[in-house]
Amino acid sequence: MSKFPYKLLSGMYEGNVDFNLILHIPALTATTEHTVSEAFQDFLEDASNKCISDDLAAQCPAIKGVLDKIRSDKHTAEDAGEIVQNLFNECGELEFLIKLSIREPCNFKFNDKGETTSNSLSSEYVIEWILAKDMEHAATIAIERAKIVRETILEKERAEKGFASPLIKEINQLKPAEVVRDQYGYWSHPEYTKYWDEVIGKGAEHCTNEQWNALEHDFNIDTFKASLELEDYNAWKEYVESSDASSWQPVKPILDGDWFLVSIFCNEDGAFATWAKEKAA
């Protein structure tokens, strides 16, 4: 039997990423809802988070319905056996469900050109769930995820210290895009989403004022944020009960300009819509 590739072991060590939990989906089907493992219960709790749920759905679109059920059902623990079976039926060759723990780098040091020279490690961890065919496949994904975490934090600290981001080479005028909201009423402009994931950080719910100013500059836009609570109280009451904002129809700002939607999103502060218009010449 061949050993696990050293290159992958080394990559995980250098990326400060661990397999926190490893679940073998076919093996989970041998249990019942009354004896399902605590590890799978941990997954159910984490999968109720929209960011984690959306990430898993992107990895395997066939399980989106299962993930939607987990998010919408307040008693998923009672249906664990059925959920395991549905995952088994839909995941195909992606047999492993793995929780990654990625230690965050911090305190980057830069030279005069904005190139990093060193960094420390914080006590904070990024938690992600992935699907994989086997452990080598899982390690490859883990290493890539760790690189994304590192680059995200690196770019944030680089921007905070006033260095230009090498990810953004020139102003890219943001234009309106077709708005296709998900079943919960949320949506994000594709170019805005790409920028946010690469520069601010995938899964990040907030950014600094400096980062937002940089985003407006790089897309040559002015922005306006509307609150569901202030704009449509009845829809807000529905949102409070279910985290569903689909009944809200954000109203275009009355301010001068040709405003278009950039995102409809939620965080711990509520549900919001971000509008944008091209900066005046």
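Readers should treat all values here as calculations from the given coordinates under stated rules, not as data from a laboratory. Just so you know, these numbers come straight off a predicted model, no measurement behind them. Cβ: placed from backbone, ideal geometry, glycine included. Neighbour counts: every protein chain shown.
Which whole-number percentage describes the relative contact order of the chain, with Cα contacts under 8 Å and a sequence gap of 6 or more?
16 percent
Looking at this model, which pairs from K50/K161; K161/K202; K69/K252; K64/K194 are more than 30 angstrom apart at the alpha-carbon?
Listed pairs above 30 Å: K50/K161; K69/K252.
Straight-line reach from K3: which aspartates and glutamates have Cα under 15 Å away, leaving out those fewer than 8 places along the same chain?
D134, E136
Find, among the trypsin sites (Lys or Arg not before Pro) in the stretch 221-281, those assigned to loop by DSSP (not H, G, I, E, B) with at most 10 other beta-carbon atoms within 10 angstrom. Walk me through the numbers on the way to the answer.
Values: sites: K225, K237, K277, K279; in loops: K279.
Of the trypsin sites (Lys or Arg not before Pro), not one in the loops of the stretch 221-281 has a Cβ with at most 10 other Cβ atoms within 10 Å.
Counting Lys +1, Arg +1, Asp -1, Glu -1, what net charge surrounds I52 among other residues with beta carbon under 14 Å of its beta carbon?
Neighbour charge sum, excluding I52 itself: -2.
Rounded to whole Hz and in sequence order, give me ³J(HN,Hα) for the stretch 180-189 from the Karplus expression 6.51 cos²θ - 1.76 cosθ + 1.60, θ = phi - 60°, writing x for Gly and Pro.
10, 7, 7, 5, 9, x, 9, 6, 9, 4
In whole angstrom, and with the biggest value first, how far do the Cα coordinates of the chain range along each principal axis?
Largest to smallest, the principal-axis extents are 65, 53, 29 Å.
Between the stretch 77-144 and the stretch 201-219, how far is it from one alpha carbon centroid to the other, in angstrom?
23 Å
Stretch E104-A58 to full length: gain in nm at 0.36 nm per residue minus the Cα-Cα span? Don't skip to the end; give the middle numbers.
Details: separation 46, 0.36 × 46 = 16.56 nm, distance 2.35 nm.
Result: 14.2 nm gained on full extension.
Which value at 222 nm does the chain reach when only helices count, each DSSP H run of 4 or more adding -39,500 (n - 2.57), with the total divided by all residues and rounded to the nearest 500 deg cm²/dmol?
Per the formula, -11500 deg cm²/dmol.
Using 0.36 nm times the number of residues separating S242 and K147, minus their current alpha carbon distance, what extension gain do you get?
My answer for the length gained is 30.7 nm.
Rounded, prolate or oblate: which fits the stretch 187-278, taking a ≥ b ≥ c as square roots of the Cα gyration tensor eigenvalues, rounded meaning a/c under 1.5, else prolate when a/b beats b/c?
oblate
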